Amino acid sequence: MTGVEAPLTVTRVGVVGLGLIGGSVARTLVAAGLDVVATDPDGATRAQAWDAGVRTVGSAAEVFVERPDVLVLAPPLAALPAVLAELGAEVPRLVADGGPLPVLTDVGSVKAPVRVAVEAAGLGERYVGAHPMAGTEESGFAASRDDLLPGCTWAVTVSPTTAADDLLRVLSLVTGPLRGTARFVEDATHDAAVALVSHVPHVLATELLNLTTAAPAGALALGLAAGSFRDGTRVARTDPRRTQAMVAGNAGAVVGVLRDAVRHLDALADALEAGDDAAVTAYFDDADPVRAALVGEPAPSRAEAVRLDDPAWRERLVELGAAGAVVGRAGRDSITLALPPA
């Protein structure tokens, strides 16, 4: 059983941004009985969330000054600097009133640019990045659900300045009422990984639509399309501006993967044109290790506890996360991780 011991459990959560993921966070936490206060710049969205049982207020600053245990940032990446500036303007008043500032986390699909923005706003000391690996081709609060996030894997970032108590509060939220599992990672590694499994797949799905749009046989092709085209283009049916922002926000990692993909496809086209059966076979067989891994990930068979008074605890958590470890149990003094067979 995963979880965080009682001293650092979370009872009040703020959510800024009520789209698909932010809305799903809010709905899930309300369903779990937590005190949730949320906002969105769109008044109609706030009204829709209120009707769904989510208490909403008019601004991010209003959420912040209620001092939630954790404040979840879920706006579009382009809107994040303005949100953070609004929060930062409230810090002097909250500090003067006494008591801790809320721990900040987020649900964005890139981490390095978010940390840069949070630090530029002077809020980096309380930030622990997070990213739930969940979503659909739909968007907006109307598409959010209280069953979208439970059971999903979250990437939780650890940096040289991460505070242990702040990390434990975010873990408490993720593995508790949100009912997820957590893997530790540092920012750049996270962004490189999601380029492979999320951002470039969105680009390739869009490319299938682009090819069909431009092809003389496109109309017939759509009439004949079945499972492989439907599954291969599902994520391309979302809001293209959202996908564009996601891909552009992680351009540093996405560009290299796209160039590798172009090189591989060029080589395959050359091999097919030349009738080079060995090269064609190698193209399809090179994926065997990942193909086999997708059949079923081995169950964790060993555990390791990382003590939070160890000077190298941050580096060890990231190292174990890269080795496939997931959070087993977290307490005030240590975090136990479950690892796959050696």
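The values are calculated or read from the model by the stated rules, or taken from the named source; none is laboratory data. All figures in this text were calculated on a predicted structure; none of them were measured in a lab. Cβ coordinates were reconstructed from backbone atoms using ideal geometry, including for glycine residues, and neighbour counts include every protein chain displayed. Note: accessible area is taken over every heavy atom of the protein model, side chains too, but ligands, DNA and RNA are not part of it. Shrake-Rupley method; radii C 1.70, N 1.55, O 1.52, S 1.80 Å.
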Log10 I(q)/I(0) at q = 0.16 Å⁻¹ for region 146-295, from Debye over equal alpha-carbon scatterers, is -1.17
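State the three equivalent ellipsoid semi-axes of the chain, derived from the C-alpha gyration tensor as the square roots of 5 times its eigenvalues, in descending order and whole Å. If you can, show how the numbers build up before the last one.
Details: eigenvalues 275, 133, 65 Å².
Ellipsoid half-lengths, sorted descending, are 37, 26, 18 Å.
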Taking max minus min of the Cα coordinates of region 73-130 on each principal axis, largest first, gives extents in Å of 34, 19, 16
Between the residues P311, L20, W50, the Cα farthest towards the positive end of the dipole of the chain, that dipole coming from +1 and -1 charges on the beta-carbon of Lys, Arg, Asp and Glu, is from W50
By the Cα gyration tensor axes a ≥ b ≥ c (a/c under 1.5 gives rounded; else a/b larger than b/c gives prolate, otherwise oblate), the shape of region 1-127 is rounded
Of every Cα-Cα pair in region 230-277, the percentage lying beyond 16 Å is 61 percent
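Taking region 1-87, which GluC sites (Glu not before Pro) meet the DSSP loop condition and have no more than 16 other C-beta atoms within 10 Å? Walk me through the numbers before you get to the answer.
On the way: sites: E5, E62, E66, E86; in loops: E5, E66.
Answer in residue order: E5, E66.
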A correct Karplus calculation of ³J(HN,Hα) over region 159-173, with 6.51 cos²θ - 1.76 cosθ + 1.60, θ = phi - 60°, whole Hz and x for Gly and Pro, returns 10, x, 9, 4, 8, 4, 5, 5, 4, 5, 5, 5, 4, 4, 5
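Given +1 on the Cβ of Lys and Arg, -1 on the Cβ of Asp and Glu, and no further charges, what dipole in debye does the chain carry about its Cα centre, rounded to the nearest 20?
Numbers: 27 positive and 42 negative charges, 152 e Å.
Dipole magnitude for the chain comes out near 720 debye.
For D310 and D51, calculate 0.36 nm times their separation in residues minus their Cα-Cα distance, and state this gained length in nm to one decimal.
Values: separation 259, 0.36 × 259 = 93.24 nm, distance 4.74 nm.
That works out to 88.5 nm of additional length.
Under the classification rounded if a/c is under 1.5, otherwise prolate if a/b is larger than b/c and oblate if not, where does region 144-212 fall, given a ≥ b ≥ c as square roots of the Cα gyration tensor eigenvalues? Provide the component values of the computation, followed by the final result.
Details: a/c = 4.24, a/b = 1.64, b/c = 2.58.
Note, shape of region 144-212 comes out oblate.
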Going residue by residue through region 109-121, the Karplus relation 6.51 cos²θ - 1.76 cosθ + 1.60 with θ = phi - 60° gives ³J(HN,Hα) values, rounded to whole Hz and with x marking Gly or Pro, of 8, 10, 10, 4, x, 5, 4, 4, 5, 5, 5, 5, 8
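Quote the charge dipole size of region 1-88 about the Cα centre in Debye, to the nearest 20; the model charges only the Cβ of Lys and Arg (+1) and of Asp and Glu (-1). Kindly include the intermediate steps, with their values, before the conclusion.
On the way: 5 positive and 9 negative charges, 18 e Å.
About 80 debye.
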For the chain, dividing by residue count, accessible area per residue (probe 1.4 Å) in Å² works out to 49 Å²
With a 1.4 angstrom probe the carbon and sulfur portion of accessible area for the chain, in percent, totals 59 percent
